[in-house]
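Worksheet for the structure shown next.
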Amino acid sequence: MNVLAYIETADGKLKKSALEIISYSAAIASQTGGQVTAIALGDVQADELAKAGRYGAAKVLHANNDKLKQFVSQAYASVVAEAAKTTQADVVILSNSFSGKAMAPRLAIKLQAGIADGAVALPDTAGGFKIKKTAFSGKAFADVELTSKVKIVTLVPNSFKVAENAATGAVEVFNPQISDSDFAVTVKEVVKASDKISLPEAEIVVSGGRGLKGPENWGMVEELAGLLGAATACSKPVSDANWRPHSEHVGQTGLAISPNLYIAIGISGAIQHLAGVSSSKTIVVINKDPEAPFFKAADYGIVGDAFEVVPKLIEEVKKFKAANS
Amino acid sequence: MKILVCISHVPDTTSKINFSDDKKSFVTQGIQYIINPSDEIALARALELTEKDGGTVTVINVGDNTTEPTIRKALAIGATDAVRVNAVPRDAFFVATQIADYAKKNSFDLILTGRESIDYNGSLVSSMVAELLSLPSVNSVKALTIEGNIATLDREIEGGKEVVSCALPCVVSATEGMAEPRIPNMRGIMSARTKPLSVAEPVAAESMQQIVSYDKPLPRTQVKLIDPANVAALVDALHNEAKVI
Ligand SMILES: Cc1cc2nc3c(=O)[nH]c(=O)nc-3n(C[C@H](O)[C@H](O)[C@H](O)COP(=O)(O)OP(=O)(O)OC[C@H]3O[C@@H](n4cnc5c(N)ncnc54)[C@H](O)[C@@H]3O)c2cc1C
């Protein structure tokens, strides 16, 4: 199968998800016999495009002009659809990110393709194309069979291990046909807290709940996150009370995340919260109530007062980092 | 302004999800259904916009007659009228095809959906409808204002937001922050009984994906409790045992 991998960039650099997308695409291509073409849009540094080759793209297409410098889902989907046709792609892979989720449905219509959104594993290609995806907001998985000629998959961030190899891919300029009607949405401003690790992509997440009593107590959450290179998150009542921004809310009605390590502090572990975090590889729960339901869904637990345990944990992480640096 | 709000009928968030023994179907017995939470946000914003500038809010749902209580709830919250496309929603493309067909025949200034449904989590319907109608779309929108013919929107992105603008008509998917969901009051519930709820028959749409089986995540093994007086043991376990730091 020929695979087209749409790779996302930020500030001219490949996002972590881009490496996952290429590695995943390379695994599908080698499983089925085929080639991976990667495509990036907008401003991207030359060495970053070359890097895409090292993760398994035989060819890296780069489309850029004044209009493509900003993300506009309609236009980006048109460009990727054109590339899919040009490269005769059987499968198009995107990240299940905000941008990927905006483009993939349009691609499905343009390419008359079936779509598996939120895939968490490689497809089973023995006699078809069956793929495992999340369902019921993390409470279940569904195996979905795609029967169309062209197939689209969006991959959940952090669900596939990146693999670098010695290959290099040729970088080519791609000049798509662009129609003005694709640019009906104008980007006026991009507001980013660039010093912060983005929550959907983070490998470690430190999260706080109502047990932390108020926004003034998030200093220790941020300090611990900073030490671990982690993103911060929270439970729904915390963002509802405006202690933290809505973008940090994880759970069934917030973001679903799957980091390697999720540390929950003062969170009871309600079913709606667990839905969004239960695919984390390792879960640590710090809660003063030994009966908190979260302990049943955790790998490690500390029954104790967060205001005593977390400062101690910060000291221990500092010692650990000093000893291991 | 004419607004169309697409609502999905989904299991209540407290539902325990179970499947049949052959893993092929979702067990609906004992499940309470609700309006999908982010669709409720979309509905609330649609009502705010029409209360301010005048207009109508139509809700549309693709479903069999079991979804009618959910649709009536949307009417009780304040929608002007409703349409149910009489079919079991097979997949996102099927649903989007029905909504696009209805929207084409009834032209709306704004089509609002939720960010994603909490059952199949596709986030697909909104942009599919837009593509089928050749309309612009903006996803995961946490603020939406309309001046004349121009919508200004805050779109969620990893680690921040984008402020974008777009001329109407357009398709917008709503997320937290756009509006506070509303609870129906007694008057709303009474008036919902007599508000128009029409039933439309579906148009054909080819299905290109099919769920063949379901699974539940493996339960975690017994939690390892660590003595709060020995937090160093946690750091040690995370490094040497779980290998995550
Ligand atoms: C439609 C709907 C959707 C929802 N969606 C979500 C969702 O997406 N995400 C989500 O998170 N929730 C969601 N909820 C809310 C959910 O049901 C719970 O109410 C919520 O998760 C509880 O948040 P919490 O654990 O922070 O607070 P609480 O349940 O109040 O728990 C606080 C915990 O902190 C502990 N604690 C208190 N003091 C300390 C201390 N000093 N040290 C250590 N521990 C302490 C307590 O023992 C307790 O376990 C939803 C609810 C509904 C109805």
Only one of B:Asp154, B:Asp227 is more than 7 Å from every other protein chain (Cβ to nearest Cβ) and surrounded by 15 or more Cβ atoms within 10 Å (Cβ to Cβ), namely B:Asp154
Hey, does the range A:244-257 have a residue that's among the small types (Gly, Ala, Ser), over 20 Å from B:Arg220 (Cα atoms) and either within 11 Å of chain B (Cβ to nearest Cβ) or more than 13 Å from the ligand (Cβ to nearest atom) (or both)? yes
Subset of the range B:90-105, residues more than 22 Å from B:Pro181 (Cβ to Cβ) and not aromatic (Phe, Trp, Tyr), comes to B:Arg90, B:Asp91, B:Ala92, B:Ala96, B:Thr97, B:Gln98, B:Ala100, B:Asp101, B:Ala103, B:Lys104, B:Lys105
Meets criteria (more than 9 Å from the ligand (Cβ to nearest atom) and within 11 Å of chain B (Cβ to nearest Cβ)) for A:Asp240: no
Of the residues in the range A:175-190, those that are within 23 Å of A:Ala52 (Cα to Cα) and at the interface with chain B (Cβ under 9 Å from one of its Cβ atoms) number 0
Between a first residue in the range A:298-325 that is more than 8 Å from chain B (Cβ to nearest Cβ) and a second residue that is part of a helix (DSSP H, G or I) and more than 15 Å from the ligand (Cβ to nearest atom), which pairs have beta carbons less than 6 Å apart while being 6 or more apart in sequence or on different chains? A:Ile314/A:Glu223
With (1) at the interface with chain B (Cβ under 7 Å from one of its Cβ atoms); (2) over 18 Å from A:Ala104 (Cβ atoms); (3) within 16 Å of the ligand (Cβ to nearest atom) as the list, and A:Leu212 as the residue in question, which single condition is left unmet? (1)
Can you list the helices (runs of 4 or more DSSP H) found entirely within the range A:197-288 that contain at least 1 residues being closer than 23 Å to B:Ala242 by Cα and in contact (Cβ under 8 Å) with a residue 40 or more places away in the chain? A:219-228, A:271-277
Out of (1) surrounded by fewer than 24 Cβ atoms within 10 Å (Cβ to Cβ); (2) within 12 Å of the ligand (Cβ to nearest atom); (3) more than 25 Å from B:Asp154 (Cα to Cα), what's the single condition that is false for A:Ile302? (1)
Could you tell me which residue of the range B:22-46 is nearest to B:Asp81 (Cα to Cα), considering only residues that are more than 11 Å from the ligand (Cβ to nearest atom) and among the small types (Gly, Ala, Ser)? B:Ala46
Hey, any hits in the range A:163-174 for a residue that's within 7 Å of chain B (Cβ to nearest Cβ), of a type outside the set (A, V, I, L, M, F, W, C) and either farther than 30 Å from A:Ser280 by Cα or free of Cβ contacts under 8 Å to residues at least 40 places away in the same chain (or both)? no
Among what's in the range B:2-17 and is at the interface with another protein chain (Cβ under 10 Å from one of its Cβ atoms) and in contact (Cβ under 8 Å) with a residue 24 or more places away in the chain, pick the residue that is farthest from the ligand (Cβ to nearest atom). B:Ile17
Suppose we keep only residues that are in contact with an Asp or Glu (Cβ under 7 Å, 6 or more places away or on another chain) and buried (at least 21 other Cβ atoms within 10 Å of the Cβ) within the range B:128-147. Which one would you say is nearest to the other protein chains (Cβ to nearest Cβ)? B:Ser140
Members of the range A:105-150 that are away from the ligand (no atom under 16 Å from the Cβ), on the phi > 0 side of the Ramachandran plot and either out of contact with any strand residue (DSSP E or B) (no Cβ under 9 Å at 6 or more places or on another chain) or of a type in the set (Ser, Thr, Tyr) (or both): A:Gln112, A:Gly127
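One line per residue, one yes/no per condition, for (1) more than 30 Å from B:Asn121 (Cα to Cα); (2) out of contact with any strand residue (DSSP E or B) (no Cβ under 6 Å at 6 or more places or on another chain):
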| site | (1), (2) |
| --- | --- |
| A:Ile271 | no, yes |
| A:Ser278 | no, yes |
| A:Ile283 | no, no |
| A:Glu291 | yes, yes |
| A:Lys296 | no, yes |
| A:Ile302 | yes, no |
Single condition B:Ser165 does not satisfy, out of (1) within 22 Å of A:His246 (Cα to Cα); (2) buried (at least 24 other Cβ atoms within 10 Å of the Cβ): (2)
Going through the range A:120-156 in order, the residues found to be within 7 Å of chain B (Cβ to nearest Cβ), assigned to a loop (DSSP other than H, G, I, E, B) and out of contact with any Lys or Arg (no Cβ under 9 Å at 6 or more places or on another chain) are A:Thr147, A:Ser148
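Bear in mind these aren't lab numbers, they're just calculated from the coordinates by the rules spelled out. Note that the structure is predicted; figures quoted are calculated from it, not measured. Note: ideal-geometry Cβ built from the backbone for every residue, glycine included; neighbour counts use all protein chains shown.
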